[in-house]
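I have placed the structure first, in the form of structure tokens, so that the comments after it can refer back to it.
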Amino acid sequence: MENQAAPDITDPDIPNVARMYDYYLGGKDNFAADRAAAEQIMKLFPGTRDSARENRAFLSRAVRHLVDSGVRQIVDLGSGLPTQGNTHEIAHAVAPGTRVVYVDYDPVVCTHGRALLTGGDNVSIVQADVRAPEMLLAELRKHVDFDRPVAFLLLAVLHFIPDEHTGDEHTGGAGAYEIVRRLHEASAPGSHLVVSHATDTRPDTTPEALEIYNQATAALSLRTHAEITRLFDGYQLAEPGLVFPKDWRPDGPPPLDDPNPSVGYAGVGRKPGPAAA
């Protein structure tokens, strides 16, 4: 059976997962098709918008943790459309010399990013596909010193990638576990992996949600807590482990009235061994 052609990620009439996420966050870089699909998802999963915001808050805390731990190279994979509280802004508020590389396969995202990023030598944006790890790593080596620790951020990315190969990994067919394995192999001791990932919280409505994303630019591959934990093979999970994003080292107590559960998990792992001095 031949592979179905990939959706056109620049077509405004096809829901785009990056633009849908922008809509969840209250952004304006989205089209009618994105908003319609996002509204359908939010009816099925009322906590989606809150979860997107929790994910951004987790990003902020995780990046601060990375920089406080001495990491000075951060690669934000599948970074999506620029919004408030971007990775480089968070990192540079603590350590201005931190090198931040944004990576996305969407040319529109990269165009937006290049128009907005004026951070100088310590910020860059690369158009590459995480599903082609060899090509991705070849491009990253132009920007990152892999002999020193690097942190890979994969926030709300891997649940759009199936477990197994769907083609040639060199041209974009690597599965989720293969991707993180290659990142682990390529990186030095002291490197980090940061992941947030959707899970199945509403089995009764999940098939409808999957169908909505099947009509968008990327289909969903929801995983259980144990399956998401497997992504951290070879890493030591930082406390408190793999938890709801809002529960990962929160800045304050959670709100008392929280009727909607998180729709995924988040964690930070460190590759064991002494980091380069």
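Flag not set for residue 216, criterion: in contact (Cβ under 8 Å) with a residue 40 or more places away in the chain, assigned to a helix (DSSP H, G or I) and farther than 30 Å from residue 66 by Cα. Screening the candidates 97, 85 for the property of being exposed (fewer than 15 other Cβ atoms within 10 Å of the Cβ), among the small types (Gly, Ala, Ser) and on the phi > 0 side of the Ramachandran plot yields one hit, 85. Can you pull out every residue in the range 176-210 that is in contact (Cβ under 8 Å) with a residue 40 or more places away in the chain, in a helix (DSSP H, G or I) and under 17 Å from residue 151 (Cβ atoms)? Result: 179, 180, 181, 182, 183, 184, 186. Looking only at the range 185-218, residues that are surrounded by fewer than 18 Cβ atoms within 10 Å (Cβ to Cβ) and either at pLDDT 95 or above or on the phi > 0 side of the Ramachandran plot (or both) come to 3 in all.
Just one of the numbered conditions (1) over 19 Å from the mean Cα position of the chain (by Cα); (2) in a loop (DSSP other than H, G, I, E, B); (3) of a type outside the set (S, T, N, Q) is not true of residue 121: (2).
So which of 75, 100 is closer than 24 Å to residue 26 by Cβ, part of a strand (DSSP E or B) and in contact with a strand residue (DSSP E or B) (Cβ under 7 Å, 6 or more places away or on another chain)?
Numbers: 75 fails: closer than 24 Å to residue 26 by Cβ.
Being closer than 24 Å to residue 26 by Cβ, part of a strand (DSSP E or B) and in contact with a strand residue (DSSP E or B) (Cβ under 7 Å, 6 or more places away or on another chain) holds for just one of 75, 100, which is 100.
The values are calculated or read from the model by the stated rules, or taken from the named source; none is laboratory data. Computed from a prediction, not measured in an experiment: that's the story for all the values here. With ideal geometry, Cβ positions are generated from the backbone for all residues, glycine too; neighbour counts draw on all protein chains shown.
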